[in-house]
1. Angle check, please: helix 176-187 long axis (alpha carbons) against the longest principal axis of the chain (alpha carbons), in degrees 0 to 90, nearest 10.
2. Of GLN260, GLN183, SER203, which is farthest on the positive side of the dipole of the stretch 128-268, counting Cα position, with +1 on Lys and Arg Cβ, -1 on Asp and Glu Cβ, and the Cα centre as origin?
3. Under 5 Å between amide hydrogens, which residues at least 5 positions from LEU321 or on another chain qualify, with H placed 1.01 Å from N in the peptide plane?
4. With θ set to phi - 60°, apply the Karplus curve 6.51 cos²θ - 1.76 cosθ + 1.60 along the stretch 254-259 and write out the HN-Hα couplings as whole Hz, x wherever there is a Gly or Pro.
5. What distance in nm separates the two pseudo spin-label positions at ALA132 and GLN463, each 7 Å out from Cα along the beta-carbon direction?
6. Just checking my list (1) 23.9, 88; (2) 24.7, 79; (3) 27.5, 88 against Rg and Dmax of the Cα atoms in Å computed from this structure; which label fits?
7. What FRET efficiency comes out for LEU425 versus GLN260 if R0 is 45 angstrom and r is the Cβ-Cβ distance? Round to the nearest 0.05.
8. Taking the Cα centre of the chain as origin, work out the dipole magnitude from +1 charges on Lys and Arg Cβ and -1 charges on Asp and Glu Cβ, in debye rounded to 20.
Amino acid sequence: MRAAFGTLSSTMNAATAARFFLFLIFACLCKVHAAERPNVVFILLDNVGKEWFGCHGSEENCTPNIDRLAAAGVRFENCYTTTVCGPSRVEMLTGRYPFRTGWYLHHDAALYSGGGFDPERETTHARLLRDAGYATGIAGKWQVNNLYDEPEAITRHGFQEQLVWPGSIDRAHVSAEFLQSFQQAIANNDADFLTQATRHIESRYWDPVMLRNGKREVAEGRFGPDVFQEFAFDFFRRHRDEPFLFYHAMVLAHGQSVVQQVVVTPDNRDNPPKDENQLYADMLRYADKQIAAVIAELERLDLMKRTIVFIATDNGTEKSLSARANGRVVQGGLYQINEAGGNVPLIVYSPDLVKGGRVAPLADFTDIFPTLCDLTEVTPPGSLKIDGQSFATYLRGEGAAPRQWIFNHYGDERVVRDERFKFNLKGELYDLQADPAEQHPLPADAGGTASEARAKLQAALEQMPESTPLPFPHRSLSAFKKRSEAAKAGVK
């Protein structure tokens, strides 16, 4: 450096050389600071309720690796998210409740088109981290845009590198007549036809269809989750010397389609169990094994010491499936705003950066946005209305978790809960310790802690504003059914 400075001094005046020397020092310091900022790996499982996780009392023995991470990290006892995948993902990416974004009903843009997750309306944490110098990538399920209609959508939302399942009708395997009938069924809100049409969706499992940075490919003979995992590991290796955010949006353990809830994995393909529940359990076991491999790869690359891993699920399990947990059988709660549908696992693991071995009472998916921003030293625009509360300070072991209550919203239903009680728009209050299945609302004149909880939760619920609609109709099986029922009832 001294020799270089001397050479520079001979060709420029001393003041100019000094300024250049200071610039070099500043650049080096910036590079050191960038390397110190933590990596974030956000793992999101698909359609798995808490009743399947041992760390939440499951007796199904499907998640031993996740359970170990929960014990060594921070586990949130209660985490609310919208009870179906599209709205849940938008809530996580934006830090905003569904009444603000318009995603208060499922809108499966990938399958039905009609508009999607708009970067002109919403800001993701990925975009902010990218703009702050983070390398960003995603593998797996996106769903909130039709990527054939909007090929730049994921890039515009902040993810530079992508290997994603498109989730559309597989046009290579259907006729023109079918596509015409499919479009007519959308126009007619024909949920019955559209339910069966999901049999023709692009594969996310065996022989998966994928878009690699916008280019379509089919991995013949491969199992999709393995291909997505390989992409993630390659991303870790290539960006090991700079801070990165990776969204590992796993396609496990959702079924292949609405009418096919389970698939075989490489571990049971030659001898699959006949029982649907057991097939589903094997899918989750495969996901659990993959998550253990993510941690092992980060450790192998010497990245775990500066990486924070989040593990969550996007909503509850399909209603046809059940698991035994905490001494009772729990039916899946997908699409329902009960605890099985919207109260999901959330685990944060980082041996060096997170004070582990703790259980926090409350969080919801809006909290992820401000938490990631705080952890990565990224400041959101002041004009951006965020509903979430950062729990970054709690993760570091400095103070209590911030939440006093958490909120959930789907369709016309809204609920709010604290550690024990839950209140809804009907004015019903449930004691979830005594009544976890929400079968017996407490009487209106119940006193003591119930009375205090009712007043607090009702006030929280009443402060929520009216919903802001999307600029296009929601397209999903639940939305089609809702409009069809309204039409039959003569409601405009």
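The values are calculated or read from the model by the stated rules, or taken from the named source; none is laboratory data. Fair warning: this is a prediction, and the values are worked out from it, not measured in the lab. When we count neighbours, we look across all protein chains shown, and the Cβ atoms used for this are built from the backbone with ideal geometry, even at glycine. Ligands, DNA and RNA are stripped out before the accessible areas are found, and what is left, the full protein with its side chains, is counted by its heavy atoms. Shrake-Rupley method; radii C 1.70, N 1.55, O 1.52, S 1.80 Å.
1. 80
2. So the residue we want is SER203.
3. The answer is GLY332.
4. After applying 6.51 cos²θ - 1.76 cosθ + 1.60, I find 5, x, 5, 7, 4, 9 Hz.
5. It works out to 2.6 nm between the two label points.
6. It is the one labelled (1).
7. 0.85
8. Dipole size: approximately 1000 debye.
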